[in-house]
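All of the numbers you see were taken from the coordinates with simple rules; none came from a lab. This is a predicted model, so every value here is computed, not measured. Glycine gets a Cβ as well: all are built from the backbone with ideal geometry, and neighbour counts include every protein chain shown.
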Amino acid sequence: MPVATHLPDAEALCAALADAMRPHVDPAATALVGIHTGGVWVAARLHAALGLKIPPGSIDVSFYRDDYHQRGLHANAKTSQIPFDVEGAHIVIVDDVLHTGRTIRAAMNELFDYGRPARIDLAVLTDRGGRELPIAPTFCPHSLSLPAAQILALERADDGGLSFRLIEK
Amino acid sequence: MSAFGKQPNPQLNSHGELQHLLTIEGLPREMLTRILDTAAPFSEVAEREVKKVPLLRGKSVFNLFFENSTRTRTTFEIAAKRLSADVINLNISTSSANKGETLLDTADNLAAMQADMFVVRHASSGAPHLLAQHLAATGRDHIHVVNAGDGRHAHPTQGLLDMYTIRHYKTDFTQLTIAIVGDVLHSRVARSQIHALTTLGVPEVRVIAPKTLLPTGIERLGVRVFNDMREGLRGVDVVMMLRLQNERMQGALLPSTQEYFKSYGLTPEKLSLAKPDAIVMHPGPMNRGVEIDSAVADGGQAVILPQVTFGIAVRMAVMAMLAGNS
């Protein structure tokens with residue numbers, strides 16, 4: 001993977017991700033679950049672009065994080081909302097950036113406390129490398145390599161536009 | 001450092017995070033707001049197929065109840081279990097004259113069994129504080145202490161769940177007039193409520209009680225005192241009833257419970273003086289026909305059962321915050 005020189009266009013990646021998913025989703029039966037906060041924004045975009053019938057869910061993995069005993073409870077935990085029956089569902093977990101894979105692990109653990117899905121896929125805008133768990137995205141239109149000291153964050157402007165920002169730790 | 005010698009607030013660790021929950025008094029508004037904010041996502045856990053999250057997996061929570069309480073102990077137990085902790089309940093009756101010694105001896109034994117958290121209910125004011133101090137002095141301050149009610153001093157999780165309930169129904173603390181009614185003299189709940197309400201910016205907190213059931217100098221906590229219930233209830237948004245604590249009465253503080261009900265029992269007629277959308281709260285257990293009429297307790301303005309449900313989420317939030325601050 002090339003080292004990032006400039007940041008990817010989040011809006012273009014949303015469109016590319018929807019195109020990649022379209023042949024593989026059933027608008028009447030596929031359900032999206034976005035991970036707070038960036039994943040929820042992307043899930044809302046995908047839901048509209050793919051014309052899905054089931055309202056998207058949202059998950060905050062604060063209660064399932066594996067660094068709770070090192071870092072304590074996350075200060076701004078949000079309420080997880082799964083507005084459909086997880087039992088037997090086809091679910092696509094949606095996040096903005098795939099990094100270590102730990103958040104995805106936590107999200108899958110949380111989903112199983114609502115029921116047993118028939119299938120879970122993973123859709124992300126970009127894969128920045130640095131995996132620490134055996135997790136791979138099903139749909140991912142972009143990848144780049146970033147040093148561990150940098151955080152790639154998705155931001156939403158007041159007009160709803162999405163963009164990436166690089167934050168030094 | 002000797003015990004809490006240098007720390008301004010013994011509940012906070014060196015990073016300013018909540019280490020123990022002993023009292024609401026002295027906690028900043030941001031801390032109270034954060035606890036309430038954290039409780040909200042925990043309330044959703046009860047809606048799931050699996051009503052558990054793994055935060056306290058492998059941790060041992062000891063409920064040390066030196067004074068009987070079914071409801072509080074049960075909600076702490078449910079909260080700890082929904083956090084995946086192992087919960088051990090000890091109901092210890094206190095006949096010993098030297099209660100402090102008994103408490104610390106018990107705690108030392110349980111600490112030797114790798115306890116991670118003590119939830120303490122005690123008839124003596126300051127007992128949980130003493131325990132936290134003892135743990136710090138003996139180098140075991142990784143063990144967290146939650147005050148589940150001590151004497152007439154404090155009942156912080158009750159105060160917090162009451163705040164959560166008020167915020168749920170009324171949203172903005174800074175626009176409210178709130179009345180606390182009844183046996184304030186014996187009530188640790190009232191003290192925690194008053195500290196929480198004033199810290200959260202409620203502009204008018206009223207206390208309604210006969211003179212014999214009011215501690216002297218209660219005005220200094222920033223409340224308006226009313227001896228006439230009808231006058232005090234006029235225009236309030238929230239009515240917080242207190243339980244008449246018969247078991248703590250010494251001497252003739254009251255003529256009779258019937259007399260008390262006549263003057264200070266919440267009836268539909270007295271409640272009609274409050275705002276039409278006022279809510280009625282009670283920490284339980286209720287003395288029907290003494291401080292509250294059944295028509296009110298079971299009526300449309302009562303939020304007494306939601307208080308119990310919210311209490312689980314608030315206690316989950318408190319325990320999860322403490323256990324994460326090591």
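The table for this structure:
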| item | result |
| --- | --- |
| Prolate/oblate/rounded label for the stretch A:1-89 (Cα gyration tensor, a/c 1.5) | oblate |
| Modelled FRET efficiency - R0 22 Å, B:Ser14 with A:Gln81, Cβ distances, 0.05 increments | 0.05 |
| Label point distance in nm, A:Thr37-B:Thr212, each placed 7 Å from Cα along Cα→Cβ | 5.7 |
| Cα gyration tensor shape of chain A, rounded if a/c is under 1.5, else prolate or oblate by comparing a/b with b/c | oblate |
| Prolate/oblate/rounded call for the stretch A:123-169, Cα gyration tensor, a/c under 1.5 rounded | oblate |
| For the stretch A:10-168, size of Cβ-based charge dipole, Lys and Arg +1, Asp and Glu -1, in debye | 160 |
| Within chain A, percent of DSSP bridges classed antiparallel, to nearest 5 | 30 |
| Shielding of B:36-49 by partner chains, average beta-carbon count, 10 Å | 4 |
| Inter-probe distance in nm under a simple model that places probes 7 Å from Cα toward Cβ, at B:Glu30 and B:Ala137 | 3.3 |
| Euclidean distance between Cα centres, the stretch A:87-129 to the stretch A:16-71, Å | 8 |
| nm² value of the averaged projected area, convex hull over the Cα atoms of chain B | 16.3 |
| Assigned charges on the beta-carbon of Lys, Arg, Asp, Glu; chain B dipole about Cα centre (debye) | 20 |
| The stretch B:142-214 and the stretch B:266-326: distance between their alpha carbon centers, rounded to Å | 12 |
| Aspartates and glutamates whose Cα lies under 14 Å from that of B:Lys262, excluding same-chain neighbours fewer than 8 positions away | B:Asp228, B:Glu291, B:Asp293 |
| Computed over chain B: relative contact order in percent, which uses C-alpha pairs under 8 Å that are six or more apart | 20 |
| Calculated FRET efficiency for the pair A:Ala153/B:Asn227, C-beta based, R₀ 56 Å, to 0.05 | 0.45 |
| Residue-averaged beta-carbon neighbours from other chains (10 angstrom radius) around A:58-68 | 3 |
| Qualifying GluC sites (Glu not before Pro) in the stretch A:73-165, DSSP loop, other Cβ atoms within 10 Å at most 15 | A:Glu87, A:Glu132 |
| Highest-fluctuation residue, B:Thr102, B:Thr157, B:Thr23 considered, GNM on chain B with Cα pairs under 10 Å | B:Thr102 |
| Pairwise label distance in nanometres, A:Thr138 with B:Asp172, each label 7 Å out on the Cα-Cβ vector | 4.5 |
| Formal net charge of residues neighbouring B:Leu176 (Cβ-Cβ distance under 9 Å; K, R +1; D, E -1) | -2 |
| For A:Thr37, net neighbour charge (Lys/Arg +1, Asp/Glu -1) across residues whose Cβ lies under 11 Å away | -2 |
| Mean ellipticity per residue at 222 nm, deg cm²/dmol - from DSSP H runs of n ≥ 4 across the protein assembly as shown, formula -39500 (n - 2.57) | -10000 deg cm²/dmol |
| For the stretch B:156-308: relative contact order, % (alpha-carbon pairs under 8 angstrom, 6 or more apart) | 24 |
| Sum of side-chain charges, B:Asn89 neighbourhood, beta-carbon under 9 Å (Lys, Arg +1; Asp, Glu -1) | 0 |
| Pairs of Cα atoms farther than 34 Å apart, the protein assembly as shown, % | 46 |
| Chain A: relative contact order as a whole-number percent, Cα under 8 Å and 6+ apart | 25 |
| Rounded to the nearest 20 debye, dipole of the protein assembly as shown from Cβ charges on Lys, Arg, Asp, Glu | 780 |
| DSSP beta bridges in the protein assembly as shown [antiparallel fraction, %, rounded to 5] | 15 |
| Of all DSSP beta bridges in the stretch B:109-261, antiparallel share, percent nearest 5 | 5 |
| GluC sites (Glu not before Pro) restricted to the stretch B:9-47 and DSSP loop, no more than 16 other C-beta within 10 Å | B:Glu17, B:Glu47 |
| Extension gain, B:Glu44 back to B:Glu259 (0.36 nm per residue minus Cα-Cα distance, nm) | 73.1 nm |
| Residues of type lysines that B:Lys52 reaches as a straight line, Cα spacing below 30 Å, ignoring anything fewer than 8 places off in the same chain | A:Lys53, A:Lys78, B:Lys81, B:Lys170 |
